[in-house]
Amino acid sequence: MTALADAVAAEWLKLRSVRSTYHLVAVIVAVAVAGEVVTWYGVHLWDHQGAARRATVLVTPAEQLTGQIAQLILGVLGALAITAEYATGMIRTSLTAVPRRPALLAAKGAVLATAGLAAGGVSVTASFLVSRMIVGRRPMRFYTAPLTHEIPVLLALTATTAVAALVGLGLGTIVRSSAGAITALAGLWYVLPAFTHLLPGSWSGWLDSVMLVVLPQELAGQPLGYGGPRPLLSPPGAAVVLLAYAAAALTAAAVAIERRDA
Amino acid sequence: MIEVQNLTKRYGGTLAVDRLSFQVRPGQVTGFLGPNGSGKSTTMRVILGLDSPTAGAARVNGRRYRDLEHPLREVGALLDATAVHPGRSAASHLRWIARTNGIGAGRVTAVLRLAGLTAVAGQRIGGFSLGMLQRLGIAAALLGDPAVLIFDEPVNGLDAHGVRWVRGLLREMAGQGRAVLISSHLMSEMQLTAERVLIVGRGRLLADTTVAELTAGGASLEDTYLELTEGSVEYQ
């Protein structure tokens, strides 16, 4: 147990001591700021429309944009946490220091999940609060629900960010290349949902409902795509599927790292 | 103490190590010699639990590497000095390694001083010369004050001062009762540093003896080595 705690502390030191971590955090901040600029522009349009046309002003909630980027960035961070070690050969130092490979993976997973919860929670909540301040009391669409009503949305986006980091770590461990892992991650997250539509009826609906990109909304019990259909999965069902993604990625990664020579 | 017993390692159709057995005893520097591709690095990776043996076993202090509770406190290894993240500072690099095995921050300062890297401890590794990287790798190996040391080509890239420093350090470590295994291509260097030598060719043990014995009769270690490994060189 103490060995695992030491490994976790070491992984935390690793994450903090390279600049790429801070660069990725800066991307999340930049996108969050850009989201607020979009919100501000939406408010500007709304203020200059006649009452009849105000209903046509649709501004995607800033926390949705920030949440999606936070998920992508944490997925990349998760992948890099191991692919950078394979690229430099430092993985051998890591494995001589922590020879029990599942322990190394668990330590990385613990640090990345925590980073995901922190980065997701802070960025999504800040985006939400700032955009609400920008919109103020204007009855703009998507901005009228009471604050407490939005808490499940914020929690769902945050949880998905942590899972993204673990899926990135899993893919990175399996693929062992940064480019390959990031491509696989983007494919799983964004490209695959475009293809599930092509499958026959009932399959398509079921597969659509378990795609990572819709899970946050299902987890929060929100309609899909804002104003779209009710989701197929209940919030507990979505939580199970989300955890299954993390578990599957980490299990496959543990098998891969255990079986292969470093 | 390192014990390798009947170790065989096969990669696909290639036999990298072929029923290799030897011991590396405490209190002396053991040189591990052989042509390129003779299985030295593979053997070191198996000893360190990085590659799993096809057959046979390697043990350190009586146990498989993977079963060591705090491996860095028992074994210090340097396989490839360039296998570091260039963006990290030397001190950060040593700090995370120390942390994995519950080694205190005082040791980081101590090995930085020992390796002559105190002045550059805060600098990013990416700017280091190969000689500085070797020093950093040796510093990392010494973090846990281990009784067994394994170095793959430790003088590679070092200048004359660095070579002499490593030579002195290795002999000092052996003099303190540690088991030291070093691989090298430099026979003249081995003749100065090692007391025992293991010579391998095509994954097999060709000689396990002392430098004194090999050079008896006035032959240089290099002459004897070239004679022994003549049939084992794959690329000429």
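The values are calculated or read from the model by the stated rules, or taken from the named source; none is laboratory data. Here the structure is a predicted model, which means the values were calculated and not measured. Here the Cβ positions follow ideal geometry from the backbone for every residue, glycine too, while neighbour counts run over all protein chains shown. Remember, those area values only see protein heavy atoms, side chains included, never the ligands or the DNA or RNA. Shrake-Rupley method; radii C 1.70, N 1.55, O 1.52, S 1.80 Å.
Here are some notes:
- Residues of the stretch A:231-262 that bury at least 10 Å² of accessible area when the other protein chains are present, relative to the chain alone (probe 1.4 Å, heavy atoms, ligands and nucleic acids excluded): A:GLU258, A:ASP261, A:ALA262.
- Net charge of neighbours whose Cβ lies under 10 Å from the Cβ of A:GLU85, counting Lys and Arg as +1 and Asp and Glu as -1: +4
- Area buried, chain A against chain B - accessible surface, total, 1.4 angstrom probe, square angstrom: 2600
- Shielding of peptide B:73-86 by partners, expressed as the average count of other chain Cβ atoms within 10 Å per residue Cβ, is 3.
- Computed lengthening from B:ASP223 to B:ALA57, 0.36 nm per intervening residue step minus Cα-Cα distance: 56.6 nm
- Of A:SER204, A:ALA220, A:ALA3, farthest towards positive along the dipole that unit charges on Lys, Arg, Asp, Glu beta carbons give the stretch A:2-259: A:ALA3
- Here the stretch B:86-108 and the stretch B:139-156 have alpha carbon centers that stand 15 Å from each other.
- Extension gain from A:PHE142 to A:LEU45, taking 0.36 nm per residue of separation minus the Cα-Cα distance: 33.4 nm
- Ligands, DNA and RNA aside, A:HIS197 has an accessible area near 120 Å² when probed at 1.4 Å.
- The stretch between A:ARG54 and A:LEU129 holds 24.8 nm of extra length on full extension. This uses 0.36 nm per residue minus the Cα-Cα distance.
- Tilt relative to chain A, helix A:101-135 - C-alpha long axis, 0 to 90 degrees, to 10: 20
- Positions from the stretch A:86-110 whose accessible area shrinks by 40 Å² or more when the full protein complex is built, not the chain alone, probe 1.4 Å: A:THR88, A:MET90, A:ARG92, A:THR93, A:THR96, A:ALA97, A:PRO99, A:ARG100, A:ARG101
- Eligible aspartates and glutamates near B:LYS40 by straight Cα distance, threshold 15 Å, same-chain separation 8 or greater: B:GLU3, B:ASP18, B:ASP51, B:ASP80, B:ASP152, B:GLU153, B:ASP208, B:GLU234
- Gaussian network model of chain A, Cα within-10 Å springs - most flexible of A:VAL37, A:VAL214, A:VAL153: A:VAL37
- For the stretch A:90-210, the square roots a ≥ b ≥ c of the C-alpha gyration tensor eigenvalues yield an a/c of 1.5 or more together with a/b not exceeding b/c, which makes the shape oblate.
- From its DSSP helices (H runs of at least four residues, each -39,500 (n - 2.57)), the protein assembly as shown gives a residue-normalised ellipticity at 222 nm of -17500 deg cm²/dmol.
- Cα gyration tensor shape of the protein assembly as shown, rounded if a/c is under 1.5, else prolate or oblate by comparing a/b with b/c: prolate
- Note on A:77-83: average number of Cβ atoms from other chains within 10 Å of each residue's Cβ is 0.
- Highest-fluctuation residue, B:ILE97, B:ILE182, B:ILE199 considered, GNM on chain B with Cα pairs under 10 Å: B:ILE97
- Rolling a 1.4 Å probe over the protein heavy atoms of the protein assembly as shown, with every protein chain left in place, gives an accessible area that is 61 percent carbon and sulfur.
- The Cα center of the stretch A:241-262 and the Cα center of the stretch B:34-60 differ in position by 27 Å.
- Shielding by other protein chains, B:90-100, mean Cβ within 10 Å: 6
- Listed residues A:PRO216, A:PRO102, A:PRO146, most fluctuating in chain A (Gaussian network, C-alpha, under 10 Å): A:PRO146
- Accessible area per residue (1.4 Å probe, heavy atoms of protein chains only) ranks A:VAL25, A:VAL124 as A:VAL25, A:VAL124, with the largest value leading.
- In chain A, the longest principal axis of the Cα atoms and the axis of helix A:2-16 are about 60 degrees apart.
- Cβ-Cβ FRET estimate between B:ARG64 and A:ALA26, R0 fixed at 41 Å, reported to 0.05: 0.40
- Accessible solvent surface per residue of the protein assembly as shown, calculated while the other protein chains remain in place, 1.4 angstrom probe, Å²: 43
- Anchor A:LYS14: lysines whose Cα lies under 24 Å away (excluding residues fewer than 8 positions away in-chain): A:LYS108
- Theoretical FRET efficiency, 1/(1+(r/R0)^6), r = Cβ-Cβ of B:LEU186 and A:LEU198, R0 60 Å, to 0.05: 0.45
- For chain A, the longest principal axis of the C-alpha atoms and the axis of helix A:151-175 are separated by about 30°.
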